[in-house]
Amino acid sequence: MYRPLSFALAVGKQWLGVAALVAGLLPAVAAAQTTTFTYTGQPQAYTVPAGITRIEVVAAGAAGGRVSTQQGRSLGARVQAVLAVVPGETLTVVVGQQGADGSGRTSYNGGGSGGWGAGGGGGATDLRRTSSSTGDYLATRNALLVAGGAGGTDWINSPTPQGGTGGAPYGGDGVGLSGNKPGQGATQRTVGGGGPPGVENMGGQGGFGGGGGGYYGGGAAAIMGNAGGGGGGSSWVATGALVAPATYSVDSTATDGQLRITALTAAAPLPVQLTSFTATAQIGAVALAWHTASEVNSDRFEVERSTDGTTFGKLTAVAAQGTTAASHAYAYLDTRLPAGATTLYYRLRQVDLDGTFSYSPVRSVRIAEVNISVGLSVFPNPTQGAATLTGAPAEVPVQVFDALGRAVFATTTAADGTARLDLPAGLPGGVYIVRAGSQATRLTVE
């Protein structure tokens with residue numbers, strides 16, 4: 001069974017892994033009832049149960065449209081927050097529609113249409129206190145939370161998603177291939193540039209490329225022969241309703257939007273609080289690191305990888321801490337990178353002892369350009385503390401890196417291209433990267 005994973009990050013144009021849900025910030029809570037809303041093309045209602053004064057909301061903006069299955073599909077925003085509510089009040093849920101695949105239509109709840117057969121922007125997903133207001137999307141409609149939709153791709157076939165991602169909280173910029181000009185993502189109260197602008201919650205219409213994502217979003221350039229992907233729509237949460245800081249990320253599902261509400265009662269602690277998750281390109285590898293502030297009935301973390309940001313496969317499972325109020329650091333070094341990949345996507349699947357699970361936000365990383373050389377050799381490999389490197393150029397720097405990308409040993413090769421690797425005592429077992437100049441190889445420590 002799926003359940004939300006508490007994840008705290010600072011907001012901004014780039015990811016900053018910091019703890020936001022710190023000890024004492026929230027009271028102990030337990031899930032009383034979870035309701036999931038999917039796309040229907042019309043507003044939906046949620047009535048707060050009697051006695052409930054807090055709800056956890058996890059919303060996903062819709063993915064952007066594309067022209068063909070050969071193209072990557074841009075992903076909408078994912079917003080998670082705990083909000084203060086009034087028992088018995090009725091809230092309005094509006095779930096965004098996936099961007100049109102080259103049909104020229106707009107998408108429900110704000111996705112702009114693509115121009116010249118390009119993909120449309122995905123619609124935003126939001127939660128409101130009323131559905132009857134008009135005017136500004138936030139102020140008079142009493143919006144509580146908005147997850148921005150993704151921008152649509154243009155007509156150029158490319159496996160790289162060209163539309164901007166949904167807001168985290170700002171919308172991502174589109175991608176312009178072969179000199180094309182993309183649409184720019186929106187800030188939280190300003191539409192993006194690069195094409196026809198969005199109006200209120202409507203992403204801009206692409207003139208010759210992808211449409212902008214809803215809420216606010218940028219369209220693509222409207223100049224013949226100069227098209228690009230549409231900008232992503234921005235995300236937003238009403239600060240007056242927040243019980244704790246909201247978290248913004250990019251959703252991992254390339255579909256229509258979704259919104260899930262969990263009624264919270266004071267009873268038991270929150271599940272796993274993941275305070276950071278990073279993916280960093282290393283020499284011939286990708287170093288993954290994540291930290292938890294606390295864990296409850298946590299069994300394991302399954303590390304998943306994708307080459308397109310949509311289809312993920314399991315790499316390994318890392319044992320969790322069960323139940324603990326202490327913080328804990330985890331790491332995994334992905335050394336078997338797929339051939340030809342330039343960008344990889346990673347996420348964590350956190351599994352509880354009872355089988356319930358949750359996903360972390362997705363992290364993308366460009367692969368470092370380094371030669372894993374067949375000429376280099378390290379023996380013995382595996383080793384228990386010392387090894388010899390051969391096949392390297394003469395008198396070049398040699399470094400050994402751990403799974404977090406930290407240098408644990410350094411030396412220089414001799415005139416014959418060899419080097420003695422006297423590794424530090426007590427080095428944890430695992431896979432390490434040995435770099436000699438611009439070449440690298442792997443070393444396993446037992």
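The values are calculated or read from the model by the stated rules, or taken from the named source; none is laboratory data. Remember, it's a predicted structure, so these values are computed and weren't measured experimentally. Here Cβ is always computed from backbone atoms with ideal geometry, including for glycine, and neighbour counts include all displayed protein chains.
Here residue 256 meets each of (1) out of contact with any Asp or Glu (no Cβ under 9 Å at 6 or more places or on another chain); (2) at pLDDT below 85; (3) assigned to a loop (DSSP other than H, G, I, E, B) with one exception, condition (2). Within segment 313-330, identify whether any single residue is surrounded by 17 or more Cβ atoms within 10 Å (Cβ to Cβ) and within 25 Å of residue 74 (Cβ to Cβ), and answer yes or no. Taking every residue of segment 313-330 in turn, none turns out to be surrounded by 17 or more Cβ atoms within 10 Å (Cβ to Cβ) and within 25 Å of residue 74 (Cβ to Cβ). Evaluate segment 43-50: report whether one residue or more is in the same structural domain as residue 239 (by TED's automatic domain parsing) and either modelled with pLDDT under 85 or polar (S, T, N, Q) (or both). Checked segment 43-50: at least one residue is in the same structural domain as residue 239 (by TED's automatic domain parsing) and either modelled with pLDDT under 85 or polar (S, T, N, Q) (or both).
Does residue 70 satisfy the condition of being modelled with pLDDT under 80 and either touching a Lys or Arg at 6+ places or on another chain (Cβ under 9 Å) or more than 18 Å from residue 241 (Cα to Cα) (or both)?
Values: modelled with pLDDT under 80: yes; either touching a Lys or Arg at 6+ places or on another chain (Cβ under 9 Å) or more than 18 Å from residue 241 (Cα to Cα) (or both): yes.
Against the criterion (modelled with pLDDT under 80 and either touching a Lys or Arg at 6+ places or on another chain (Cβ under 9 Å) or more than 18 Å from residue 241 (Cα to Cα) (or both)), residue 70 qualifies.
Among the residues of segment 357-380, those identified as of a type in the set (Ser, Thr, Tyr) and modelled with pLDDT of 75 or more are 358, 359, 360, 364, 377.
Residue-by-condition table, conditions (1) in contact with a strand residue (DSSP E or B) (Cβ under 9 Å, 6 or more places away or on another chain); (2) buried (at least 17 other Cβ atoms within 10 Å of the Cβ); (3) assigned by TED's automatic domain parsing to the domain that holds residue 284; (4) touching a residue at least 60 places away in the same chain (Cβ under 8 Å):
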| site | (1), (2), (3), (4) |
| --- | --- |
| 394 | no, no, no, no |
| 397 | yes, no, no, no |
| 400 | yes, yes, no, no |
| 417 | yes, yes, no, no |
| 421 | yes, yes, no, no |
| 424 | yes, no, no, no |
| 430 | yes, no, no, yes |
| 433 | yes, yes, no, yes |
| 436 | yes, yes, no, yes |
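Hey, any hits in segment 5-20 for a residue that's crowded, with 19+ Cβ neighbours inside 10 Å, at negative phi, at pLDDT 55 or above and outside any strand (DSSP E or B)? Scanning segment 5-20, I find at least one residue that is crowded, with 19+ Cβ neighbours inside 10 Å, at negative phi, at pLDDT 55 or above and outside any strand (DSSP E or B), so the answer is yes. Of everything listed in (1) hydroxyl-bearing (Ser, Thr, Tyr); (2) within 24 Å of residue 165 (Cβ to Cβ); (3) buried (at least 16 other Cβ atoms within 10 Å of the Cβ), the single unmet condition for residue 342 is (3).
Just for strands (runs of 3 or more DSSP E) wholly inside segment 330-446: which have at least 3 residues that are under 25 Å from residue 308 (Cβ atoms)? Steps first, please.
Details: elements: 343-352, 357-359, 363-366, 377-379, 386-390, 397-401, 407-412, 419-422, 430-436, 439-445.
Correct list: 343-352, 357-359, 363-366.
The one condition from (1) within 24 Å of residue 242 (Cβ to Cβ); (2) buried (at least 21 other Cβ atoms within 10 Å of the Cβ); (3) at pLDDT below 75 that residue 107 does not meet is (1).
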